[in-house]
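Here is the structure we will look at.
All of the numbers you see were taken from the coordinates with simple rules; none came from a lab. Note that this is a predicted model, so its numbers are computed, not measured. Neighbour counts are summed over all protein chains in view; Cβ atoms, including those assigned to glycine, are modelled from backbone coordinates with ideal geometry.
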Amino acid sequence: MEYFVGIDVGTTGCKVVLIDANGELRGKSVSEYPLYTPRPNWAEQNPEDWWQGTLQALKKVFEVSGVNPKDVSGVGLTGQMHGSVFLDAEGRVLRPAILWCDQRTARECQEITEKIGLERIMQINCNPVLPGFTAPKILWVKNNEPEVYAKIAKVLLPKDYVRFRLSGEFATDVSDASGTSLFDVPKRTWSQELIQALDFSPSWFPPSFESPEVTGYIRKEVASALGMRDGVIVVAGGGDNAAGAIGTGIVKPGLVSASLGTSGVVFAFSDEVRVDPKGRVHTFCHAVPGKWHVMGVMLSAGGSLRWFRDVLGLEEKNMALLLEKDAYELLSEEAEKSAPGAEGLLFLPYLTGERTPHADPFARGVFFGITLKHRKNDLVRAVMEGVAFGMRDSFEIIKEMGIPIEEVRAIGGGARSRLWRKIQAAVYQVPLFGVKVDEGPAFGAALLAAVGKGVFRNVEEACAQAVTVTEKILPDSDLMAQYERLYRIWRDLYPALSPFYRRIVE
Amino acid sequence: MCMYLLGTDIGTNGTKTVMVDEKGNFIADAFVEYDVITPKPSWAEQWPDVWLDAVVKTVARCVEKAKVNPKDIAGLAISGLYGGSGIPVDRDIKPLRPCLIWMDRRARKETQWVKDNVPLEKIFGITGNYVDSYYGFTKMMWIRNNEPEVWEKIYQFVTPKDYVVYCLTGELATDYSSAGNIGGVFDIRRRTWSEEMCEILGIPRRMLPERIYKSSDIVGKLKKEFAEKMNLLSGMPIVAGGIDAPVAQLAAGVLGPGEHVAMAGTSMCWGTVHDGTYLTPFLVSFPYVVYDDTLIYTFGGSATSGALARWFRDQFGRLEKEAEKDFGISAYTLLELQARDIPPGSEGIIVLPYFMGERSPIWDPDARGTILGLSLYHTRAHVYKAMLEAAAYALRHNMEEALKTGMKLNPECWIVGGVARSSFWVQIFADVTGFDMKRLSKDVEAPFGDAFLAGLGTGVIDKPERIKEWVSFRPVIKVDPERKAIYDRYYELFRELYESTKGVMKRLADIV
């Protein structure tokens, strides 16, 4: 039997999954590493930690699965997007990698936008320049660390650094490269115009591949250290959202995924390049060759519930430890005791500012409509509903763009809550499905490896074989009507409150 | 020989009686609790016999505890909650339906009718007050519009404490503060019913009490049957009393212009007195309970104060409540200790305290609580502190409405009530409002004011100024100018936040 490995270089740790040639999950493992915040709003990691984490997770997955490493035929890579690894001419890391969630580059974003013009950027990259993206990070290094900037020979995305260590090759894939602000998304290639406009060197950026394409082979030393054989392919892989969508089967028109992790992502497949002229959602190349995707990102989805648990749900946290139960499950049970609409209590989930649709770093969380009658369980329910309303905003934009939404697959930690699934179905007003294997991007990356090896003819076939949808939730019509009324009110709160967010900071 | 005085306050959730000596020294007290009837959200009613029972029980128990000779008890005065509509009674003074008390907000349509049909200058010009479903006259109109079969039989509307006084003495009357608090139909300058307003509002003059006493006047003598139940001598004088808020204010020692006091318990009532020139439609005004013919009492009330801290503790302070049981330290203190080092403004969190709608000065039953500014950085303690700050913003809002009339307020505000037990919270009140806060040494409450009125009425006490000898203060809590400057900016946001969201609050209230 042949096996394939997917490696997800995430923000909190490296996750590895192992699948067989039928696309069945055979094992998984996680290895965590630290995130550094040397200043508020900064976020950095050591690329070496990623590499060590990858090796550990790989060793672990062979242990737990009992699969012989020699039977692995291919590796797929995925990981956090946008992060920037700076290498010198000898391939040495010049400074800690600056991550997607780092907010230091507001000034650089403005500088780039002014220099090139928003319209032109939207034409080429299809997305406005955001603080998390790669190009402003490079410019920040130029502006603030010229001695580092002078030595730059390569700029890599996180998973591509791991690729470099794994296979010795410099390469990237089109979906991940889309998030650099330097990529021509419609043409699916690096934009020499953007690179030159910013005085970057074209040689810094590795060649780009479609996601299932083979970019190289695992180096001998690495293979032997892991007990693997020679000639194991490494495929291009994808950014975490695109690869995640492969693992969820979002590879056909009409399919959309709604992921509630720390952040919330609404991910829609698109046959052609479609761009929101207001730049509220991202348009990136998909990990399906020749296809694109559109994506709305809310920053605090499951994160909102986690914040609630940590700050206001101390008892639930303690009980969860005691009962060895998931704290979210307990919160979810509490929320069940409240009524739909939480008795008129609304929550705005902007605890870390917001990306889609408001692109407002100053936005903050709000409970609105509280009365003395409200109990903690009403607040929990309001959080869950508020997050769903925030996701609905992305659905609205995607609909506006003319992208069909026929079936939504609920994934991520939030999808484990039955109540949250029910709320989502009624708020989005679409049938909501689960997927049998919800292992995130790593599973998609493993499938890409299998496609690269030729086990499946193409990505679509791999998904048809390996992705099984489970439980279908139809939106409850009463609930739907009720949420529609509340959503209309909820939606008007942000415009009423947005002037206050900035003034509070002052 | 020393004489003893009895004071009873009929509250919303309970009735309390105290006995003091003529110097105001505490002798004994007794308390009885009951529940408000709330048949629907925003409705609040009470059958008056609950009050009568509670008065009889607490007086009896108090006298029993005090172990003094009934001969030496000079008299009893009774104050009461603001009774809203009052109790509609028939010719035999039998209650026809429960009393719609102050908390009841059902008279929405009637309030709107007044806004649409009676010019503000007219109603405010005559009564010194505007309109809200809080006021008794709107509740009377509600009964007229919704319960015609009751309306037909109404002989008179009787306030809760006047009903009890009637039972005890057989005399049907009211006092100036109770009459004025009905609003709408009371001429605040002539201190009598306004025929013109009665006509406009469709409330027959005959349904309002004929006799209006001063709060310290003797209304009648205690009947034998009740004297026996309460271990008192029959014939003992019963003194008129008044609305509990000004009576409590009297108990705190307020006698003259400029003096102001915040009574901060579950809800907040802040008030002052003046010569009648400083009226505003945003606050409530009616005759005071001493110098009834010259002084006007003006007050503002926020619906939640201590209720905010309690709500937070009950929802999110279960650990602190447990610790309170084990270690005897109040859960509130434990929550405050965690919030001790959080800077003014709670690092960007603003709470609108309208967890029960709001009374003055925004008079908005649809107003709702809001917590704005949450981020991953903020902790539970931040939110708690912001709740305490919200109560202080609401107080400042009321004070500013009073100041807008040109009224002068002394640089120090007296503060009493459960909230005043926390010096941490009182400091916030000082820093937010800009008034130094002076706490009374003892928790004075309305019953002490009643006992004082009983003393005045029976001649045991010679003049209102004696009240100053009854009260003493703790050291002043001073305003910190730096924190005040920060709060000034937050307060501005607080005010605008409501203005920006009240439309959404209304829409939300309409669909829930």
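Assorted remarks:
- Extension gain, B:R489 to B:R206: 0.36 nm times the residue separation minus the Cα-Cα distance gives 96.7 nm.
- Peptides B:189-202, B:414-427, B:247-260 ordered by packing proxy, namely the average of other Cβ atoms within 10 Å per residue, highest first: B:247-260, B:414-427, B:189-202.
- A simple count of charges around B:G417, restricted to other residues whose Cβ falls under 11 Å of its Cβ and scoring Lys, Arg +1 and Asp, Glu -1, yields 0.
- Separation of the B:N25 and A:Q482 label points, Cα + 7 Å toward Cβ, nm: 6.2
- Label-to-label distance, nm, for residues given as A:K115 and B:E469 (7 Å Cα→Cβ offset): 8.6
- With one equal scatterer per alpha carbon and no solvent term, the Debye-computed log10 I(q)/I(0) for chain B at 0.07, 0.11 1/Å reads -0.37, -0.93.
- With a simple spin-label model that places each label point 7 Å from the Cα along the Cα-to-Cβ direction, the separation between A:A496 and B:K442 comes to 4.7 nm.
- Under Karplus coefficients 6.51, -1.76 and 1.60, residue-wise ³J(HN,Hα) of the range B:363-374 in Hz, glycine/proline x: 6, 10, x, 8, 4, 9, x, 9, 10, 10, x, 6
- The range A:69-179 shape via C-alpha gyration tensor axes, a/c threshold 1.5: oblate
- Inter-chain Cβ neighbour count for B:499-512, averaged per residue, equals 5 (cutoff 10 Å, partner chain atoms only).
- In chain B, the longest principal axis of the Cα atoms and the axis of helix B:446-458 are about 30 degrees apart.
- 15 Å beta-carbon shell around A:K115, net charge (K/R +1, D/E -1): -3
- Net length available on complete extension from A:V469 to A:N68 is 141.4 nm, with 0.36 nm assigned per residue and the Cα-Cα distance removed.
- Exercise: per-residue mean of other protein chain Cβ atoms within 10 Å, A:358-368: 4
- Whole-angstrom gap from the range A:106-125 to the range B:395-447, using each part's C-alpha centre: 55
- Expressed as a fraction of 2.2 N^0.38 Å, the value expected for a compact globular protein of N residues, the C-alpha radius of gyration of the protein assembly as shown is 1.16.
- Local electrostatic count at A:I473 - Lys and Arg +1, Asp and Glu -1, tallied over other residues with Cβ under 12 Å: +2
- Gap separating the Cα centres of the range B:39-96 and the range A:153-214, nearest whole Å: 83
- Of the trypsin sites (Lys or Arg not before Pro) in the range B:24-123, those whose Cβ has at most 15 other Cβ within 10 Å and which sit in DSSP loop: B:K67, B:R91
- Of the trypsin sites (Lys or Arg not before Pro) in the range A:453-500, those whose Cβ has at most 15 other Cβ within 10 Å and which sit in DSSP loop: A:R457
- Highest-first arrangement of B:171-182, B:401-412, where packing means the average Cβ count within 10 Å: B:171-182, B:401-412
- Average beta-carbon neighbours from other chains, 10 Å sphere, peptide B:373-386: 5
- C-alpha long axis of helix B:108-117 to longest principal axis of chain B, angle in °: 90
- Take the Kirkwood radius over Cα pairs of chain A, plug it into Stokes-Einstein at 10 °C and 1.306 mPa s, and you get 69 µm²/s for translational diffusion.
- Helical mean residue ellipticity (222 nm; -39500 (n - 2.57) per DSSP H run of 4+; nearest 500) of chain B: -12000 deg cm²/dmol
- Crossing angle, helix B:48-66 versus chain B [Cα axis fit, 0-90 degrees, rounded to tens]: 90
- Each peptide in A:238-245, B:159-166, B:488-495, A:181-188 gets a packing score, the mean of other Cβ atoms within 10 Å over its residues, and the list from highest to lowest is A:238-245, B:159-166, A:181-188, B:488-495.
- Taking 25 Å as the limit for the C-alpha separation, the pairs A:K15/A:K436; B:K221/B:K442; A:K317/B:K40; B:K223/B:K442; A:K137/A:K399 exceed it in the case of B:K221/B:K442; A:K317/B:K40; B:K223/B:K442; A:K137/A:K399.
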